[in-house]
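Student: There's a structure below that I have some questions on.
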Amino acid sequence: MTAQTCPRQHQRTTMEIASLEPSLYTVKAVFILDNDGNRLLSKYYDTELYPSMKEQKNFEKNVFNKTHKADNEIAFVEGMTIVYKCSIDLFFYVVGSAQENELMLMAVLNCLFESLSQILRKDVERRCLLDNIDGVFLVVDEIIDGGVILESDPQQVIQKVNYRADENPLSEQSVAQIMQSAKEQIKWSILK
């Protein structure tokens, strides 16, 4: 009888050890909610975790309900480690597994917040975030790719995002140049 239970115990401990092995896939999800708990942005990197939109929104609502009045930075909800930060009318969340290092998740959260703060010119609030949502997605994609942390330095993220914006033919500077050129053409046509 003891010989039969030993392999099962060995198998269980092997599986437990395998789940504790380090992985590059540290981030399970990133989402930003407004002060009512409504989703403004979300990216889930583990498709098995919450496969449907309904499950994702239920998870986000549960996380929001447990964190929006708390004065902490870390929460454990539904077996997940969650680090979060509040700014004016926004809540920023980074989700990892229960075994994930909170300091690594916090580095991602701080990089995300500081990068957005610089891009949005220190105006990190709902309206401004929604007006610049394309840049927000670029920032998230520069920091995390498929759950793997690529960058944790906000200055590097800003540099990469600005480089991409410069590649875009309709970047902010290009639009300003086009508007100035159009004004000059209108001015010359009126003078003629």
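Student: Normalised by the residues of the range 27-165, what does the relative contact order come to in percent, with Cα pairs under 8 Å and at least six apart?
Tutor: 22
Student: Follow-up question, since we're still on this one. Find how much the distance from N72 to D89 grows on full extension, using 0.36 nm per residue of separation minus their present alpha carbon separation; answer in nm with one decimal.
Tutor: That works out to 4.5 nm of additional length.
Student: After finding the eigenvalues of the alpha carbon gyration tensor for the range 27-165, what semi-axes result from the square roots of 5 times each, listed largest first in whole Å?
Tutor: Semi-axes (√(5λ), whole Å): 22, 17, 14.
Student: So how do Y44, Y93 rank on accessible area, 1.4 Å probe, biggest first, that is with the largest at the start?
Tutor: Y44, Y93
Student: Also, I was wondering about something else. Quick check: at a probe of 1.4 Å, how many percent of the accessible area of the range 44-125 sits on carbon and sulfur atoms?
Tutor: Whole-percent figure for carbon plus sulfur exposure: 50.
Student: So which trypsin sites (Lys or Arg not before Pro) in the range 43-144 end up in coil per DSSP with only 16 or fewer other C-beta atoms within 10 Å?
Tutor: K69, R121, K122
Student: In addition: Mind checking which aspartates and glutamates have their C-alpha under 18 Å from K160, skipping anything on the same chain fewer than 8 residues away?
Tutor: Once the sequence-local aspartates and glutamates are set aside, what remains near K160 is E114, D134, D141, E142, D145, E151, E172.
Student: So what is the accessible area of the range 27-165 per residue, in Å², with the probe set to 1.4 Å?
Tutor: For the range 27-165, the per-residue accessible area is 49 Å².
The values are calculated or read from the model by the stated rules, or taken from the named source; none is laboratory data. Worth saying up front: this structure is predicted, and the values here are computed from it rather than measured. Glycine gets a Cβ as well: all are built from the backbone with ideal geometry, and neighbour counts include every protein chain shown. Accessible surface areas use protein heavy atoms only, side chains included; no ligands, DNA or RNA. Shrake-Rupley method; radii C 1.70, N 1.55, O 1.52, S 1.80 Å.
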